[in-house]
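**Student:** Pasting a structure below so you can have a look.
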Amino acid sequence: AQKVTQAQTEISVVEKEDVTLDCVYETRDTTYYLFWYKQPPSGELVFLIRRNSFDEQNEISGRYSWNFQKSTSSFNFTITASQVVDSAVYFCALSEAYSGGYQKVTFGTGTKLQVIP
Amino acid sequence: DTGVSQDPRHKITKRGQNVTFRCDPISEHNRLYWYRQTLGQGPEFLTYFQNEAQLEKSRLLSDRFSAERPKGSFSTLEIQRTEQGDSAMYLCASSLPFLGRSGNTIYFGEGSWLTVV
């Protein structure tokens, strides 16, 4: 069974600080996909990134960066120079490759980020 | 707006009443998913459609829940004889066909909040 753990329930930072959201996952599959979603107060889950298990390259997109380490089963998310608009709940998620031919996504419990102006 | 749309966004109902939610996926997406999210938790998988066929149902989907996707386009999720424990946000998502090692991204709607009083 797959599992995603986000140990940080809530984080508060002052605007312009850097912040890292931790994600640890468990899966028995050798091929799987990792995701980060942002959920603002409106409720919509906004897709941020997808990572395939066979691609361990880290990725940077503007102020966002992701560190994928298979050796520690972690997929951490860093926001550089945080802004108030970054305040949201962030979910890490995992999907195995061949769960009945579709992607069944397992989510962590989320990390609520509050950026204080 | 070409994203996943859900209706209604909010529903308050009395215990024992039936409710129905509608989801319109992204037009070229043939895969459609329903998830449920309770306060402080990540979304949990309920069911999955490929075109009009319902191919997977979670054990979370009790007999009071029924989902349909009659023409392979929009989908409905009906809850009969609602209970207070059904209060949650019901999220719909859609994706393109799974592409093996490439995987695919699941895009979520804004969700339908249900409150059973």
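The values are calculated or read from the model by the stated rules, or taken from the named source; none is laboratory data. Just so we're clear, the structure is a prediction, and the values are computed from it rather than from any experiment. Here the Cβ is made from the backbone with ideal geometry for all residues, glycine too, and neighbour counts use every protein chain on show.
**Student:** Could you identify the single residue in B:47, B:20 that is buried (at least 17 other Cβ atoms within 10 Å of the Cβ), at pLDDT 90 or above and either more than 14 Å from chain A (Cβ to nearest Cβ) or within 15 Å of the chain's Cα centre (by Cα) (or both)?
**Tutor:** B:47
**Student:** Okay, next question. Here are some conditions: (1) part of a strand (DSSP E or B); (2) without any contact (Cβ under 8 Å) to a residue 60 or more places away in the chain; (3) not charged (D, E, K, R). Residue B:113 meets all but one. Which one does it not meet?
**Tutor:** Residue B:113 satisfies every listed condition except (2).
**Student:** Does segment B:80-106 hold any residues that are hydroxyl-bearing (Ser, Thr, Tyr), at pLDDT 85 or above and within 18 Å of residue B:43 (Cα to Cα), and which are they?
**Tutor:** Of the residues in segment B:80-106, the ones hydroxyl-bearing (Ser, Thr, Tyr) are B:82, B:87, B:90, B:94-95, B:102, B:105.
Next cut, at pLDDT 85 or above only: B:82, B:87, B:90, B:94-95.
Passing the criteria: B:87, B:90, B:94, B:95.
**Student:** A follow-up question, please. Working only within segment B:1-26, note down all residues that are touching a residue at least 40 places away in the same chain (Cβ under 8 Å) and in a loop (DSSP other than H, G, I, E, B). Walk me through it before giving the result.
**Tutor:** Going through segment B:1-26, the residues touching a residue at least 40 places away in the same chain (Cβ under 8 Å) turn out to be B:3-26.
Passing the criteria: B:3, B:4, B:8, B:9, B:14, B:15, B:16, B:17, B:18, B:25, B:26.
**Student:** Is it the case, given these coordinates, that residue A:19 is within 14 Å of chain B (Cβ to nearest Cβ) and at pLDDT 90 or above? Steps first, please.
**Tutor:** Values: within 14 Å of chain B (Cβ to nearest Cβ): no; at pLDDT 90 or above: yes.
No.
**Student:** Within segment B:51-93, count every residue that is assigned to a strand (DSSP E or B) and touching a residue at least 24 places away in the same chain (Cβ under 8 Å). Walk me through it before giving the result.
**Tutor:** Of the residues in segment B:51-93, the ones assigned to a strand (DSSP E or B) are B:53-57, B:65-68, B:75-79, B:88-93.
After this cut, where a residue has to be touching a residue at least 24 places away in the same chain (Cβ under 8 Å) as well, the list is B:67, B:75-79, B:88-93.
Adding up the residues that qualify gives 12.
**Student:** For residues that are more than 28 Å from residue B:111 (Cα to Cα) and either in contact with a helix residue (DSSP H, G or I) (Cβ under 9 Å, 6 or more places away or on another chain) or of a type in the set (Lys, Arg) (or both), tally how many sit in segment A:39-67.
**Tutor:** 3
**Student:** Which numbered condition trips up residue A:50, out of (1) in a strand (DSSP E or B); (2) within 11 Å of another protein chain (Cβ to nearest Cβ); (3) within 18 Å of residue B:40 (Cα to Cα); (4) without any contact (Cβ under 8 Å) to a residue 60 or more places away in the chain?
**Tutor:** (3)
**Student:** Out of segment A:78-106, which residues are modelled with pLDDT under 95, aromatic (Phe, Trp, Tyr) and surrounded by 16 or more Cβ atoms within 10 Å (Cβ to Cβ)?
**Tutor:** A:102
**Student:** What do you reckon, is residue B:62 farther than 26 Å from residue A:38 by Cβ and either more than 10 Å from chain A (Cβ to nearest Cβ) or crowded, with 21+ Cβ neighbours inside 10 Å (or both)?
**Tutor:** Numbers: farther than 26 Å from residue A:38 by Cβ: yes; either more than 10 Å from chain A (Cβ to nearest Cβ) or crowded, with 21+ Cβ neighbours inside 10 Å (or both): yes.
Here the answer is yes, as residue B:62 does meet what is asked.
**Student:** Something else now. Can you spot a residue in segment A:25-33 that is closer than 24 Å to residue B:31 by Cα, surrounded by 17 or more Cβ atoms within 10 Å (Cβ to Cβ), of a type outside the set (Phe, Trp, Tyr) and more than 10 Å from chain B (Cβ to nearest Cβ)?
**Tutor:** Yes - at least one qualifying residue is present in segment A:25-33.
**Student:** When the residues of segment A:58-77 are narrowed to those that are of a type in the set (Ser, Thr, Tyr) and within 14 Å of residue A:48 (Cβ to Cβ), which ends up surrounded by the fewest Cβ atoms within 10 Å (Cβ to Cβ)? Show your work before the answer.
**Tutor:** At the first step, the residues of segment A:58-77 found to be of a type in the set (Ser, Thr, Tyr) are A:61, A:64-65, A:71-74.
Then drop every residue that is not within 14 Å of residue A:48 (Cβ to Cβ), which leaves A:61, A:64-65.
Values: A:61: 9, A:64: 16, A:65: 17.
Among those residues, the one meeting the criterion is A:61.
**Student:** Identify the single condition in (1) among the aromatic types (Phe, Trp, Tyr); (2) at pLDDT 95 or above; (3) closer than 23 Å to residue B:94 by Cβ; (4) touching a Cys at 6+ places or on another chain (Cβ under 8 Å) that residue A:35 does not satisfy, given that it satisfies every other one.
**Tutor:** (2)
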